[in-house]
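Engineer: One structure, as structure tokens, below. Some questions next.
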Amino acid sequence: MMNTLKWWRIILPLLFSIHYSLLTASAQSSDSMTVEQMSALGIHFTNDNKVELLMSGREKFERLFEDIRQAKQSVHLEYFNFRNDSIASLLFDILREKRKEGVEVRAAFDGFGNDSNNQPLKKSHLAALHADSINIREFDPIRFPWVNHIWPRDHRKIVIIDGRIGYTGGMNVADYYIVGTEQVGEWRDMHCRIEGPAVNDLQAIFARFWKKLGKEDLSDPRYYQGTCAGRKMIGIVNREPNTSNEIMRRLYIHALDNAKDSVKIVNPYFVPTPSVMKALKRCAERGVKMDIIMSAKYDVPLTPDVVYYNMRKLIKRGVNVWRYRLGFHHSKIMMVDGKFCTVGSTNLDARSMRFDYEINALIIDPETTAKLDAKFIEDTKQCDLITMEEWNKSRSTWQRFRGWFGHLLTPFL
């Protein structure tokens, strides 16, 4: 009898502790859990930031060019590509004027990103920019036998102006973000403008990459001028090969597993890695209201069939899948529970999750999230809701086979 009482004295407090922990976890909000988990993975969250959402190419470039024209000390740009068109020409003209005023200009672009677009910067263009003292460098130029750039590519989009204003999101430098393309029609994307201490994190990421390209050190405090500008919490999630390989997968998995009420996603190449796809299924099966926007048109082959293949799995689990009619929705955003959101360069595919340099702003702010939620709902008015009946009627046997075959290539897409 005494032994039994002794054991109960040990077990009861333990059971109470476990029960209390479970109650605490269930009561903890999705945003606080996500911040806690991402902080444990090394993501630096800062408060006192200001965020401006840029919902179109026109908004982004007008705001960006205005800020660059006001630059006094430095302009740093890192893009997957600068397409050789009217927008890039205008940008470079503005940068030339800033160099005449003594503003430091540094720009980086990806070798594959440049060579793979239909209007690349050529050696003559780069020579002209260098002649005008614009310091522009290419990451991993493609060279014989043309296989050096299979992995990894620099897919980030970062601008830092005077060390105090930052830009990141899904847009490169190209006019089709404004005028669209003949192939896909309207080309939708989103970006964000940041002021505050999070800009110092963007600058540190650029500085590390710039040193990799040319050994120049950018540690001087004058490049880090991000100070109190608002009240929003932001964590800059940066994926670098061999440094933070799993960080984007963990971001999406944690956000989806923590979601309690709603998840809204826009992502163009919806070919998630197995772990992220499992998290999407878990989220839907828990009864979280999930809405995803996919595109009616795409700029690459095969991927659309795999996207449809994946969407069928989610539709079966109650997810609302919306097909954007007006063209190509290239945005990479996610909103969770109306509490937090992410805007960035990361596609939901293996290349972004496992190989490339990527960057996302994780914004812990209901106000910013509400604006993206409202835009999402507005966009659904230009979409068709895909039901299982519609999917079965619209997908031919050949298209279904392509989707099945393509999903086997998910690790490489």
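Engineer: Scan the range 23-69 residue by residue and report those that are closer than 21 Å to Asp261 by Cβ, free of Cβ contacts under 8 Å to residues at least 60 places away in the same chain and not hydroxyl-bearing (Ser, Thr, Tyr).
Structural biologist: Applying the first criterion (closer than 21 Å to Asp261 by Cβ) to the range 23-69 yields 23-38.
Adding the requirement that they be free of Cβ contacts under 8 Å to residues at least 60 places away in the same chain leaves 23-28, 32, 36.
Leu23, Ala25, Ala27, Gln28, Glu36 - these are the residues of the range 23-69 that are closer than 21 Å to Asp261 by Cβ, free of Cβ contacts under 8 Å to residues at least 60 places away in the same chain and not hydroxyl-bearing (Ser, Thr, Tyr).
Engineer: Tally time: how many residues in the range 76-114 are over 16 Å from Asp162 (Cβ atoms) and part of a helix (DSSP H, G or I)?
Structural biologist: Selection size over the range 76-114: 14.
Engineer: Among the numbered criteria (1) charged (D, E, K, R); (2) surrounded by 18 or more Cβ atoms within 10 Å (Cβ to Cβ); (3) touching a Pro at 6+ places or on another chain (Cβ under 9 Å), which one does Asp115 miss?
Structural biologist: Single failed check for Asp115: (2).
Engineer: Surrounded by 16 or more Cβ atoms within 10 Å (Cβ to Cβ) and over 20 Å from the mean Cα position of the chain (by Cα): is that true of Ile43 in this structure?
Structural biologist: Working: surrounded by 16 or more Cβ atoms within 10 Å (Cβ to Cβ): yes; over 20 Å from the mean Cα position of the chain (by Cα): no.
Judged against the criteria, Ile43 is not a match.
Engineer: Taking Thr227 as the residue in question, decide whether it is closer than 22 Å to Ser39 by Cα, part of a loop (DSSP other than H, G, I, E, B) and not basic (Lys, Arg). Write out each step before concluding.
Structural biologist: Working: closer than 22 Å to Ser39 by Cα: yes; part of a loop (DSSP other than H, G, I, E, B): yes; not basic (Lys, Arg): yes.
Considered against the rule, which asks whether it is closer than 22 Å to Ser39 by Cα, part of a loop (DSSP other than H, G, I, E, B) and not basic (Lys, Arg), Thr227 comes out as yes.
Engineer: Right, another one. Would you pick out the residues in the range 381-394 that are touching a helix residue (DSSP H, G or I) at 6+ places or on another chain (Cβ under 6 Å) and either surrounded by 12 or more Cβ atoms within 10 Å (Cβ to Cβ) or under 22 Å from Leu326 (Cβ atoms) (or both)? Please lay out each step first, then the result.
Structural biologist: Our first condition is that a residue be touching a helix residue (DSSP H, G or I) at 6+ places or on another chain (Cβ under 6 Å); within the range 381-394, this holds for 388, 391.
Once the filter is applied, which keeps residues that are touching a helix residue (DSSP H, G or I) at 6+ places or on another chain (Cβ under 6 Å) and either surrounded by 12 or more Cβ atoms within 10 Å (Cβ to Cβ) or under 22 Å from Leu326 (Cβ atoms) (or both), the range 381-394 yields only Trp391.
Engineer: Then there is this: Considering only the range 382-402, I want to know if a residue exists there that is touching a Leu at 6+ places or on another chain (Cβ under 9 Å) and within 17 Å of Ser56 (Cα to Cα).
Structural biologist: Yes, the range 382-402 contains a residue that is touching a Leu at 6+ places or on another chain (Cβ under 9 Å) and within 17 Å of Ser56 (Cα to Cα).
Engineer: Going through the range 127-169 one residue at a time, which ones are hydrophobic (A, V, I, L, M, F, W, C) and in a loop (DSSP other than H, G, I, E, B)? Quick ask: steps written out before the conclusion?
Structural biologist: We begin by selecting, within the range 127-169, every residue hydrophobic (A, V, I, L, M, F, W, C); these are 127-129, 131, 134, 136, 139, 142, 144, 146-147, 150-151, 158-161, 165.
Result: Ile134, Ile142, Phe144, Trp146, Val147, Ile150, Trp151.
Engineer: Answer yes or no: is there a residue in the range 322-331 that is within 29 Å of Ser39 (Cα to Cα) and either without any contact (Cβ under 8 Å) to a residue 40 or more places away in the chain or in the same structural domain as Lys371 (by TED's automatic domain parsing) (or both).
Structural biologist: Pass one, the range 322-331, residues within 29 Å of Ser39 (Cα to Cα): 330-331.
So of that shortlist, the ones also either without any contact (Cβ under 8 Å) to a residue 40 or more places away in the chain or in the same structural domain as Lys371 (by TED's automatic domain parsing) (or both) come out as 330-331.
Yes - at least one qualifying residue is present in the range 322-331.
Engineer: How many residues, within the range 121-139, are more than 19 Å from Gln73 (Cα to Cα), in contact (Cβ under 8 Å) with a residue 12 or more places away in the chain and surrounded by fewer than 16 Cβ atoms within 10 Å (Cβ to Cβ)?
Structural biologist: Qualifying residue count for the region: 1.
Engineer: When you look at Ala284, is it crowded, with 16+ Cβ neighbours inside 10 Å, in the same structural domain as Leu362 (by TED's automatic domain parsing), over 28 Å from Trp151 (Cβ atoms) and free of Cβ contacts under 8 Å to residues at least 60 places away in the same chain, yes or no? Can you show your working first?
Structural biologist: Details: crowded, with 16+ Cβ neighbours inside 10 Å: yes; in the same structural domain as Leu362 (by TED's automatic domain parsing): yes; over 28 Å from Trp151 (Cβ atoms): yes; free of Cβ contacts under 8 Å to residues at least 60 places away in the same chain: yes.
Here the answer is yes, as Ala284 does meet what is asked.
Engineer: Further, regarding this structure: Looking at the range 70-102 only, could you name the residues that are over 24 Å from Ile142 (Cβ atoms), out of contact with any Lys or Arg (no Cβ under 7 Å at 6 or more places or on another chain) and hydrophobic (A, V, I, L, M, F, W, C)?
Structural biologist: Hits for the range 70-102 are Leu90, Leu95.
Engineer: Would it be correct to say that Thr168 is hydroxyl-bearing (Ser, Thr, Tyr) and in the same structural domain as Val319 (by TED's automatic domain parsing)? Talk me through it step by step, then tell me what you get.
Structural biologist: On the way: hydroxyl-bearing (Ser, Thr, Tyr): yes; in the same structural domain as Val319 (by TED's automatic domain parsing): no.
So Thr168 does not fit the description; no.
Engineer: Let me ask another. Looking at the range 173-201, I want the residues that are without any contact (Cβ under 8 Å) to a residue 12 or more places away in the chain and have a partner that is of a type in the set (Phe, Trp, Tyr) and not in a helix (DSSP H, G or I) with Cβ atoms under 9 Å, at least 6 apart or on another chain. Which pairs are those?
Structural biologist: Val179/Trp187
Engineer: What's the total number of residues in the range 60-75 that are out of contact with any helix residue (DSSP H, G or I) (no Cβ under 9 Å at 6 or more places or on another chain), closer than 14 Å to Arg164 by Cα and in a helix (DSSP H, G or I)?
Structural biologist: Of the residues in the range 60-75, 1 are out of contact with any helix residue (DSSP H, G or I) (no Cβ under 9 Å at 6 or more places or on another chain), closer than 14 Å to Arg164 by Cα and in a helix (DSSP H, G or I).
Engineer: So which of Asp291, Asp349 ends up being crowded, with 24+ Cβ neighbours inside 10 Å, touching a helix residue (DSSP H, G or I) at 6+ places or on another chain (Cβ under 9 Å) and not aliphatic (A, V, I, L, M)? Quick ask: steps written out before the conclusion?
Structural biologist: Values: Asp291 fails: crowded, with 24+ Cβ neighbours inside 10 Å.
Sole residue among the options that is crowded, with 24+ Cβ neighbours inside 10 Å, touching a helix residue (DSSP H, G or I) at 6+ places or on another chain (Cβ under 9 Å) and not aliphatic (A, V, I, L, M): Asp349.
Engineer: Please count how many residues of the range 170-192 are outside any loop (DSSP other than H, G, I, E, B) and within 17 Å of Gly344 (Cα to Cα). Explain how you work it out, then say what you get.
Structural biologist: Step one: of the range 170-192, the residues outside any loop (DSSP other than H, G, I, E, B) are 173, 176-179, 181, 185-188, 191-192.
Those still in the list that are within 17 Å of Gly344 (Cα to Cα) too: 173, 177, 187-188, 191-192.
Going through the range 170-192 one residue at a time, the tally reaches 6.
The values are calculated or read from the model by the stated rules, or taken from the named source; none is laboratory data. This structure is a prediction, so every number in the text was calculated from the model and none was measured. Glycine gets a Cβ as well: all are built from the backbone with ideal geometry, and neighbour counts include every protein chain shown.
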